[in-house]
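**Q** Before anything else, here's the structure in question.
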Amino acid sequence: MGVMDDKLNEGVSEVQLRENLNRAELVERIARAVPLDGSVEPIKGLFLNRASSITKPHHSVAHPSLCVIAQGAKVILLGDEAYRYDPYKYLLATVELPAVSRLVEASAEKPYLSLRLNLDSTLVASVMLEAGIPSPGAGAGSARAIDVSPLDVNLLDAVVRLVRLVECPPSEARVLFPLATREIVFRLLAGTQGARLRHIAVLGGHTDRISRAIERLRLDFDKPLRIESLARDIGMSASGFHEHFKAVTAMSPLQFQKNVRLQEARRLLLGEDMDAATVAYRVGYEDASHFNREYKRRFGSPPMRDTERLRSEARVGAGDL
């Protein structure tokens, strides 16, 4: 440690010093692993990201995962709720659902650097059983699908150890990665979002049923939405289903279906040789003009203009993570 570092750390507690060193190491390791803007998956289920500029709102699907920022800041929009996180907070997503994200702190001098660790329900359940952590009871309430919390020193320690494995020999990483991931899951379960994480295990509570409803809506997004029928299939009343669905996703079932339809429409417009009317019918709209209005409201431009813009950005190497 140099003289300047010694001066910076004068009067700093041992815990704070540990946090400072861990954060600096996380920045260095992610920057080495991702030297250019983009995203890499050095180990299956672990994604490292880099960006040198702030971004416009980006529509994507949030997966059950832990997200940690080493440098920069990001905002996630879920329905009408906004969640901002940075190197001092982590984001935990527990249900797969549409979200909008935007980088709000990033530059060439201090690029946005982050990691995402996918979380598997079987692993979460296994750690819960081993640690003697009870599953949500039958009367457990719903848990919001996304939230942010302060990143404490023990969880940060575990995250740094995980990222170190990126530079280890593959044989070593294969053995240690599952162990490091289990520690992270345990730290999360023991932390402020532990009650939310338990719902990933799908062992009970309303979130289990809402997860099944979300899966149905994602698979049958192009079909008419019948709330009463869907609620009955998952064993809930229509009013209870609507209430708990919104508690988890921050959206009504109809808003959720609309988001899935529009994201699929955007994917088809970019990847397939189809006009807007054909895509509208493909994703479940009966009225092409209604589709055009909702598409513009969601993405800011009519379908074909938005597609042309995205293709133009792709040609010059632009785009979000």
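What follows draws every value from the coordinates through simple rules; no lab data is involved. Predicted, not measured: the structure shown is a model, and the values here were computed from it. Glycine also receives a Cβ, built like all others from the backbone with ideal geometry; neighbour counts cover every protein chain displayed.
**Q** Along the stretch 248-253, what does the Karplus equation 6.51 cos²θ - 1.76 cosθ + 1.60 (θ = phi - 60°) give for ³J(HN,Hα), rounded to whole Hz, x for Gly and Pro?
**A** 7, 9, 6, 9, 6, x
**Q** Also, I was wondering about something else. Suppose R0 equals 25 Å. What FRET efficiency, 1/(1 + (r/R0)^6) with r the Cβ-Cβ distance, do Glu228 and Ser60 give to the nearest 0.05?
**A** 0.20
**Q** Additional query: Compute the orientation-averaged projected area for the stretch 226-321 from the convex hull of its Cα atoms and round it to one decimal in nm².
**A** It is 7.5 nm².
**Q** Compute the helix-to-body angle for 14-33: its Cα long axis versus the longest principal axis of the chain, expressed 0 to 90° and rounded to tens.
**A** Once rounded, the angle reads 60 degrees.
**Q** Divide by every residue of the chain the summed helix terms, -39500 (n - 2.57) for each DSSP H run of at least 4, and state the resulting mean residue ellipticity at 222 nm, rounded to the nearest 500 deg cm²/dmol.
**A** About -15500 deg cm²/dmol.
**Q** Using 7 Å Cα-to-Cβ label points, what is the Arg309/Glu130 separation (nm, one decimal)?
**A** A separation of 4.8 nm, rounded to one decimal place.
**Q** Starting from 0 in steps of 10 Å, tell me what percent of the Cα-Cα pairs of the stretch 206-254 lands in each bin.
**A** 29, 65, 6
**Q** Okay, moving on. Where is the GNM fluctuation largest for the chain (alpha-carbon springs, 10 angstrom cutoff): Asp86, Asp157, Asp287?
**A** Greatest mean-square fluctuation among the candidates belongs to Asp287.
**Q** Here is a follow-up. For q values of 0.13 Å⁻¹, compute log₁₀ I(q)/I(0) with the Debye formula on a Cα-only model of the chain, without solvent.
**A** Each listed q maps to, in turn, -1.06.
**Q** Would you mind checking the radius of gyration and Dmax of the stretch 161-278 based on alpha-carbon positions, in Å?
**A** For the stretch 161-278, the Cα-based Rg and Dmax read 19.7, 54 Å.
**Q** What net charge do the residues around Asp152 carry, taking every other residue with its C-beta under 14 Å from that of Asp152, with Lys and Arg at +1 and Asp and Glu at -1?
**A** +1
**Q** Tell me, what HN-Hα J-couplings in whole Hz come from the Karplus equation 6.51 cos²θ - 1.76 cosθ + 1.60 at θ = phi - 60° for each residue of the stretch 281-286, using x for Gly and Pro?
**A** Computed from phi, the couplings for the stretch 281-286 are 5, 4, 8, x, 7, 8 Hz.
**Q** Using amide H atoms built in the peptide plane, which far-off residues or other-chain residues are under 5 Å from Ala73 H to H?
**A** For Ala73, whose amide H was placed from the backbone, the distant partners under 5 Å are Val104, Glu105.
**Q** Can you give the Rg to Rh ratio of the stretch 260-315, both from alpha-carbon atoms, with Rh computed by the Kirkwood formula?
**A** Across the stretch 260-315, the Cα-based Rg/Rh ratio is 0.93.
**Q** Once you've got the Cα coordinates, tell me which of Lys110/Lys296; Lys74/Lys246; Lys44/Lys258; Lys246/Lys296; Lys89/Lys246; Lys44/Lys74 are over 26 Å apart. All intermediate terms of the calculation are to be shown ahead of the outcome.
**A** Working: Lys110/Lys296 34 Å; Lys74/Lys246 23 Å; Lys44/Lys258 31 Å; Lys246/Lys296 24 Å; Lys89/Lys246 24 Å; Lys44/Lys74 23 Å.
Beyond 26 Å between Cα atoms: Lys110/Lys296; Lys44/Lys258.
**Q** Rounded to the nearest 10 degrees, what's the angle between the helix 303-315 long axis and the longest principal axis of the chain, both from Cα atoms, 0 to 90?
**A** Once rounded, one gets 30 degrees.
**Q** Could you run the Karplus curve 6.51 cos²θ - 1.76 cosθ + 1.60 with θ = phi - 60° over the stretch 224-240 and give me ³J(HN,Hα) per residue in whole Hz, x for Gly and Pro?
**A** After applying 6.51 cos²θ - 1.76 cosθ + 1.60, I find x, 8, 10, 4, 4, 5, 5, 4, 5, 5, 9, x, 10, 6, 4, 5, x Hz.
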